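Q: A single structure is presented below for examination.
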Amino acid sequence: MVKYLALLLLMLCITYSQTQAQQTFPGEPDVVIFYNDDKLVGHVKNVQMGELEIDADAISDDITIKLRNIKQLRVRRKLYAIEDVYNNRFYGVLDFSDEPGMVTVHTADSSFNMLIKDIDNLRDLDHRFWRRLTGTVSLGYSYTKSSDIGRVNGSHDIRYNTRLWTYALSGEIIYTIDQEFKGIEKADAALGGYIEFLRKWFSVTQVQYQRITELGVSARVQAATGVGPILIKNRRNDFRGAVGVNYQLESSTSDTVTTRQKNGLEIPVYLQYYYLQLGTPSLRISASNSLYFSTAIAGRIRDDLTLSATWKLVKHLSITAQFYSNYDSKPIDVNAATLDYGVVLGVGYTW
């Protein structure tokens, strides 16, 4: 009987210690201590690419700090997804360590020390929907007197993070105003999600709508899924590729061709690259290329390329420059162009 009571007491102690290890303190501010013992108190917004961003209580704007300059760190207001530079992922909180330059990670079943500079990503697991949203919404306008053409462009990129999945809602639109045409010249909207697994692999699923009048596409709806390797992932760069299947249905802008054409399956090849440089201003460069090989129309190849750069000037203000190109070797309308490209500029709100 005594043995059973001792075993029960031991199990209760283990359970209590695990609960205490991962205990959160919602009302407590985060603390950053530097090697000169200066201290910043506030709310840590994220850790990414070797730098920490904090909304400090004593300063009106966000501050970006290099991890190598931090002596001690405490972030335990809520649970976080913590990733290190070796692609290990943990769920828990961060607390002070006795050793300078180290932090104690408390998870549900363990506690251990790691180098502060080895934290690659810190993501908020707040259960409130709006707290998990990050993104940018931008708007721009261009006009040329010589051609009497005005263009309004808008774009958005919104992300929602969970423990395993990252969901993304992105889109762009170009509205043209001239003597011959007034309406939506180009539109693109996509909703998808991706998950990383086995440390170096990821899977992506996406549904997408496109309108590209230059290529004769009135509307294209497609659904795709793919899987591939994470080729490079470090503090500043993320490069990955995937291969999958894509089903698309498109209609033409011309009345002289079949108004709806079912193209069936395509084999897509995706390449995506991100570069992030935090600081003031912070810079984010992204390149995305989607290459489609049709299985229904012999020799048809489509390619969608987007290059963009976003400068975050102050807390919520950003400027975006984007180059895009769309290629179709055999467009649905034989009289349409095979290539469309352009450059758009916009001023955006980032959160």
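Q: Sorted by average packing, counted as other Cβ atoms within 10 angstrom per residue and highest first, what order do 69-75, 180-186 take?
A: Highest mean packing first, the order is 69-75, 180-186.
Q: Put +1 on the Cβ of every Lys and Arg and -1 on every Asp and Glu Cβ in the chain; which of Tyr194, Ser111, Ser288 then has its Cα farthest towards the positive end of the dipole?
A: The one lying farthest along the dipole's positive direction is Ser111.
Q: When the Karplus curve 6.51 cos²θ - 1.76 cosθ + 1.60 is applied with θ = phi - 60°, which whole-Hz ³J(HN,Hα) does each residue of the stretch 267-276 get, with x for Gly and Pro?
A: 9, x, 10, 10, 10, 9, 9, 10, 10, 10
Q: Near the amide H of Leu313, under 5 Å away, which other amide H atoms are found, from residues 5 or more places off or on another chain, if H is placed in the peptide plane?
A: Ser318, Ile319
Q: With springs only between Cα atoms under 10 Å apart, run a GNM on the chain and tell me which of Asn335, Asn113, Asn237 wobbles the most.
A: Result for the chain, Cα springs under 10 Å: Asn335 fluctuates most.
Q: Quickly estimate the mean residue ellipticity at 222 nm for the chain, helices only: each DSSP H run with n ≥ 4 gives -39500 (n - 2.57), and the total goes over all residues, rounded to 500.
A: -2000 deg cm²/dmol
Q: Separate question: About its Cα centre, what dipole magnitude does the chain give when the only charges are +1 on Lys and Arg Cβ and -1 on Asp and Glu Cβ, stated in debye to the nearest 20?
A: Computed about the Cα centre, the dipole is about 640 debye.
Q: Need one word for the stretch 130-350: rounded, prolate or oblate. Basis is the Cα gyration tensor (sqrt eigenvalues a ≥ b ≥ c); a/c below 1.5 gives rounded, then a/b vs b/c decides.
A: Because a/c hits 1.5 or more and a/b fails to exceed b/c, the stretch 130-350 counts as oblate.
Q: Between 0 and 90 degrees, rounded to the nearest ten: what's the tilt of helix 2-21 against the longest Cα principal axis of the chain?
A: 50
Q: Please give me, ordered by residue number, the trypsin sites (Lys or Arg not before Pro) of the stretch 271-351 that lie in loop per DSSP and have at most 15 other Cβ atoms within 10 Å.
A: Sites meeting the loop and neighbour criteria: Lys315.
Every read-out reported here was derived from the displayed coordinates using simple, explicitly stated rules and does not represent laboratory data. Here the structure is a predicted model, which means the values were calculated and not measured. Every residue, glycine among them, receives a Cβ derived from its backbone with ideal geometry; neighbour counts consider all protein chains shown.
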